[in-house]
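Comments concern the structure below.
The values are calculated or read from the model by the stated rules, or taken from the named source; none is laboratory data. This one's a predicted model, so the numbers in the text were calculated from it and none came from an experiment. Positions of Cβ are backbone-derived with ideal geometry, glycine not excepted, and every protein chain shown enters the neighbour counts. Just so you know, the surface numbers come from the protein's heavy atoms only, side chains and all, with ligands and any DNA or RNA stripped out. Shrake-Rupley method; radii C 1.70, N 1.55, O 1.52, S 1.80 Å.
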Amino acid sequence: MAYNISVIGNKESILPFRAAGVRVYECNGRGSALKALKSAAGDSAVIYVTEDVFVMIRDEIAEYDDKPLPAVIPFPGTSGGTGLGMELLNGSVERAIGSNILQE
Amino acid sequence: MARLNVSPTRMELGRLKKRLGVARNGHKLLKDKRDELMKQFMKLIRRNQELRRNCEAGLARAQNDFLLAGALLSDETLDAALMLPSRSVTAEVTFRNITGVSVPEFDYRITSGSKDSQCYGFSETNSSLDRAAQSMDRMLEMLLELARIEKAAKLLSCEIEKTRRRVNALEYVMIPQLEETIKFINMKMEENERSTRIRLMKVKDMVLENK
């Protein structure tokens, strides 16, 4: 079945995705981010979210963690990466194994 | 470990022994499942780490390209150029089964427009925008791969946690409890047997005395 690919973030960060033909949701606050997430989750397989927005609506995104679809993936916006992606990765490693084995 | 609250009868003993058998069997199976999930998870997680690094670097480059391209254009031109994408990308989803966890796999498909078509005319935009758009196209595949692996890792970690809890519950609660209860019933029944024998001996003595 065909699903959409969506991107949620501020104007500058989502610009490259617009050119690639991916559906984008521009948002500039918690309210609009939640609205975007809700409408994207209905028919998207993958939702890319900028890290600053991800932090804003973390609890709502966590609801999709154990569902097979959609996959909500954070990416660094134009303001630079905060290491959130790696942090989440470490979180799931810790959850599965009990201790973090990725830290060198 | 507290024993179960059951009456010490032969029937209960049979029932508990059966339950212990099932619990041991389940424990062994779940332990195997946990080990296999762990193996798959380790494979994914290394790849995930590497891919995320690459994706973040690639995206930062693409965003920079776009910002530079945008700096040479007016906001309106850039907006107008990207306002109506000439193509749309959708994801084809198939599910793969990793030891009982169904994990999605994504494949992207361009539904309208071709891979090389741009959504803007060349008259008002510059070549750095073209280059930036092209580099973004290449990123898309990598981003989907990242989504696939990250989702799989997340789903697997949830499942591993659940399985581990079950294994531990069986190993440290259920099985010891059943063993203890079985032992208790056995002892109780032996005790009953002994007391019956003693009673019989006593009765026999009394009968002999009265003769």
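Over the range B:30-105, with every protein chain in place, what whole percent of the accessible area is carbon and sulfur at 1.4 Å, could you tell me?
Of all accessible area on the range B:30-105, carbon and sulfur atoms account for 53 percent.
In the structure shown, do any of B:Lys39/B:Lys162; B:Lys28/B:Lys154; B:Lys43/B:Lys151; A:Lys11/B:Lys151; B:Lys17/B:Lys162 have a Cα-Cα gap over 22 Å, and if so which?
The answer is B:Lys28/B:Lys154; A:Lys11/B:Lys151; B:Lys17/B:Lys162.
Among bridges DSSP assigns within the range B:10-205, what percent are antiparallel (round to 5)?
That works out to approximately 100 percent antiparallel.
Does the range A:1-53 come out rounded, prolate or oblate, given a ≥ b ≥ c as the square roots of the eigenvalues of its C-alpha gyration tensor, rounded meaning a/c under 1.5 and, failing that, prolate meaning a/b above b/c?
oblate
Can you tell me the FRET efficiency between B:Arg3 and B:Asp75 if r is taken as the Cβ-Cβ distance and R0 is 51 Å, rounded to the nearest 0.05?
Efficiency at R0 = 51 Å is approximately 0.10.
Find the accessible area per residue for chain A; the probe is 1.4 Å, ligands and nucleic acids are left out, and the unit is Å².
Accessible surface, normalised per residue, equals 42 Å².
What does the structure give for B:57-69 when I average, per residue, the other chain Cβ atoms found within 10 Å of the residue Cβ?
Mean number of neighbouring Cβ atoms from other chains: 4.
What does the structure give for A:5-18 when I average, per residue, the other chain Cβ atoms found within 10 Å of the residue Cβ?
Counting other chains' Cβ atoms within 10 Å and averaging over A:5-18 gives 5.
With all protein chains present and a 1.4 Å probe, how do A:Tyr3, A:Tyr48, B:Tyr172 order by accessible area, largest first?
Putting A:Tyr3, A:Tyr48, B:Tyr172 in descending order of accessible area: B:Tyr172, A:Tyr3, A:Tyr48.
Given points 7 Å out from each Cα along the Cα-Cβ axis, report the B:Glu191 to B:Val173 separation in nanometres with one decimal.
The answer from the label model is 2.8 nm.
Does anyone have the angle between helix B:10-72 and the longest principal axis of chain B? Alpha-carbon axes, 0 to 90°, nearest 10?
10
What is the interface area between chains A and B, defined as buried accessible area summed over both chains with a 1.4 Å probe, reported in Å² to the nearest 100?
Approximately 4300 Å² gets buried when A meets B.
Taking 41 Å as R0, compute the FRET efficiency from the Cβ-Cβ separation of B:Arg15 and B:Ile98 and round it to 0.05.
It comes out at approximately 0.65.
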